[in-house]
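This report refers to the structure that appears directly beneath it.
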Amino acid sequence: MDEEDDYWGSSNVKKNRATVNVFDEKVVFEAASDLDKLRKNLKTPGEEEVECVNWDDTPVITRPSIQQKALQTSVKVSDSSLDPFRGPTVLPTAPERQKSSLNWSDEPSIDSIVKENDPRPPAPARKLTKHEEEINFLCSELEKAKKTVHSKLPVKETVTRMITGLPYSLEQYRSKEEKLELLDRAIETHDGNAIIAAVLFLKRTVTDKIFNAEFAIRPDAINQYLSYLRAHFQQTELENMLGLLNRSEEMAMVKYKQAASIVDAVAKTGKLKSCLDAHFKCDSQLEHDASMIQQQLDLLQIQRPIDSADEMEQTSRKPGIFMTHPRVVSIVNQSVLTTLYYCSFYHHQDPENTYASPLFIRKQHQLNDKQYQWSVIRAQARLKKWDEINSLLQVKGWFGGIKLKTSIGFDNVADILHKHFAPMKEILKFLMLMDDADKRPIKLRRTEEV
């Protein structure tokens, strides 16, 4: 401690304590010597240098730290600057210092570590070039759009943009002549989207009187616009346009389609009656269609009471056909042949003067023998009533005898019986009545194989 007190009490230390800065760029030799002496004095007595060894007892070569090398370099520079016998000292440039620092340590740099551990693959040059081309193209298109947003393009160029999918504006055309020219140019291209865009723009920007007058003399635009209204279910506008164009037949069909799409039987019947009176009976050209709609109304009026009575019979759970073969769906809104099959299955024995009788339905809707026999034979075959099928096909011959005759062909009768597992003798009976004798063995062989 006496040696330390003598050192701190010396005038030289007191003199330089306030003026010496160890971080200055210029460190003189005396200051470096004093710092080294101070380090030795501050060292704990008895403290020894620790020698580092590896696991195999070989000494570890410790490299000086960057601060120590910087201090030594500064001391050497200061020493050489104070030596009058030495020539001028040239300090190393920045790249040389970087090179010497790399020699001090073999550790990799941060940039090299980041590059090695980066999981993202480098983008190919071709994709970057393609992206740059796309960006340049979009920028050029944006500039063109900015230039043309306030300028009026020729009608032909605007129609070309409409067809090719480029951005366009129709608001720049103010006069009636320009709007009609736009519509005519669109019609010449035969492009439906362009025609619809021009028609909608004309309808929105002119009065109804002008629109109707100009629209009526352009049939291509009319057809496109009517198709557009049908596709978008704009029924009110569609009916107005059809009435304006005096297309009574199309108007009647539109009204009928609306009425026929109703599910409720009562509401459907009312709509069909209104449609029949307003659009079909008043037009002589639609006389046949009016008769078909009248038959549909008659069928609905038959189906409703039959379905209601059968539903009550099935819910009462009385023994009968509705217990052995319960109904699956309602008969309402079904076709006339489906109704005939239904009545042949559940009401085959009903008298002819009742709604559910197959004979009444045949007479009411003027069904031919082929339609009637096809439905009745299938229904009776499902019930395994082979005698009923024979009775249906029996007719009187020339000499008062009885023979079998069918309008659907005996081969079809045999197929129906075979499908419902009829006895083989019943099937053979109808196969032997086939007109073409050469086809009998082929038909018989197929029946036996199945």
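The values are calculated or read from the model by the stated rules, or taken from the named source; none is laboratory data. Keep in mind the model is a prediction, meaning the values are calculated, not measured. So basically every Cβ, Gly included, is an ideal-geometry build from the backbone, and we count neighbours across all protein chains shown.
Is it true that Ala213 is loosely packed, with under 12 Cβ neighbours inside 10 Å and of a type in the set (A, V, I, L, M, F, W, C)?
The answer is yes for Ala213.
Do you know which of the residues in the stretch 190-210 that are of a type in the set (Val, Ile, Thr) and surrounded by 15 or more Cβ atoms within 10 Å (Cβ to Cβ) is farthest from Leu245 (Cα to Cα)?
Thr205
Quick check, is Glu237 under 18 Å from Lys203 (Cβ atoms) and within 39 Å of the chain's Cα centre (by Cα)?
It is true that Glu237 is under 18 Å from Lys203 (Cβ atoms) and within 39 Å of the chain's Cα centre (by Cα).
Being surrounded by 12 or more Cβ atoms within 10 Å (Cβ to Cβ) and either part of a loop (DSSP other than H, G, I, E, B) or over 44 Å from the mean Cα position of the chain (by Cα) (or both) is the requirement here; does Phe322 meet it?
Against the criterion (surrounded by 12 or more Cβ atoms within 10 Å (Cβ to Cβ) and either part of a loop (DSSP other than H, G, I, E, B) or over 44 Å from the mean Cα position of the chain (by Cα) (or both)), Phe322 qualifies.
If I filter the stretch 381-390 for residues that are touching a helix residue (DSSP H, G or I) at 6+ places or on another chain (Cβ under 6 Å), more than 29 Å from Leu300 (Cα to Cα) and assigned to a helix (DSSP H, G or I), do I get at least one hit?
Within the stretch 381-390, one or more residues are touching a helix residue (DSSP H, G or I) at 6+ places or on another chain (Cβ under 6 Å), more than 29 Å from Leu300 (Cα to Cα) and assigned to a helix (DSSP H, G or I).
Show the residue pairs that are 6+ apart or on different chains and have beta-carbon atoms under 8 Å apart, the first residue being within the stretch 402-421 and over 15 Å from Lys443 (Cβ atoms), the second being assigned to a loop (DSSP other than H, G, I, E, B) and of a type outside the set (D, E, K, R).
Once the first residue is over 15 Å from Lys443 (Cβ atoms) and sits in the stretch 402-421, its partners that are assigned to a loop (DSSP other than H, G, I, E, B) and of a type outside the set (D, E, K, R) give Lys403/Gly397; Leu404/Leu433; Ser407/Asn368.
Please determine, by comparing only the residues of the stretch 251-261 that are free of Cβ contacts under 8 Å to residues at least 12 places away in the same chain and part of a helix (DSSP H, G or I), which one is farthest from Asp289 (Cα to Cα).
Checked the stretch 251-261; the qualifying residue farthest from Asp289 (Cα to Cα) is Lys257.
In the stretch 325-372, what count of residues is obtained for those that are within 19 Å of Lys385 (Cβ to Cβ), part of a loop (DSSP other than H, G, I, E, B) and either among the hydrophobic types (A, V, I, L, M, F, W, C) or not assigned by TED's automatic domain parsing to the domain that holds Leu299 (or both)?
1
Would you mind stating whether Glu311 is within 20 Å of Tyr341 (Cα to Cα) and either in contact (Cβ under 8 Å) with a residue 24 or more places away in the chain or part of a helix (DSSP H, G or I) (or both)?
yes
Lys176 is checked against (1) crowded, with 16+ Cβ neighbours inside 10 Å; (2) closer than 21 Å to Lys152 by Cβ and fails just one. What number does that condition carry?
(1)
From Ser344, Ser316, Ser330, Ser357, grab the single residue that is of a type in the set (Gly, Ala, Ser), farther than 28 Å from Thr406 by Cα and either surrounded by 12 or more Cβ atoms within 10 Å (Cβ to Cβ) or touching a Cys at 6+ places or on another chain (Cβ under 9 Å) (or both).
Only one candidate qualifies: Ser330.
Does the stretch 259-274 contain at least one residue that is within 30 Å of Thr338 (Cβ to Cβ), more than 40 Å from the chain's Cα centre (by Cα) and surrounded by fewer than 16 Cβ atoms within 10 Å (Cβ to Cβ)?
yes
Filtering the stretch 372-410 down to residues that are among the polar types (S, T, N, Q) and surrounded by fewer than 17 Cβ atoms within 10 Å (Cβ to Cβ), which residue is nearest to Asp435 (Cα to Cα)?
For the stretch 372-410, the residue satisfying everything is Ser407.
Could you tell me whether the stretch 435-449 includes any residue that is part of a loop (DSSP other than H, G, I, E, B) and touching a helix residue (DSSP H, G or I) at 6+ places or on another chain (Cβ under 6 Å)?
no
Could you list, in sequence order, the residues of the stretch 391-427 that are in a loop (DSSP other than H, G, I, E, B) and of a type in the set (Asp, Glu)?
none
Restrict the check to the stretch 384-407 and report whether at least one residue is within 30 Å of Pro305 (Cβ to Cβ) and in contact with a Leu (Cβ under 8 Å, 6 or more places away or on another chain).
yes
Hey, does the stretch 365-381 have a residue that's within 49 Å of the chain's Cα centre (by Cα) and touching a residue at least 60 places away in the same chain (Cβ under 8 Å)?
yes
Would you point out the residue of the stretch 198-226, among those that are within 34 Å of the chain's Cα centre (by Cα) and of a type in the set (Gly, Ala, Ser), that is nearest to Gln172 (Cα to Cα)?
Ala198
Could you name every one of the helices (runs of 4 or more DSSP H) located completely within the stretch 143-250 that has at least 3 residues being of a type outside the set (Phe, Trp, Tyr) and either in contact (Cβ under 8 Å) with a residue 40 or more places away in the chain or closer than 30 Å to Asp277 by Cβ (or both)?
Ranges flagged: 219-231, 235-244.
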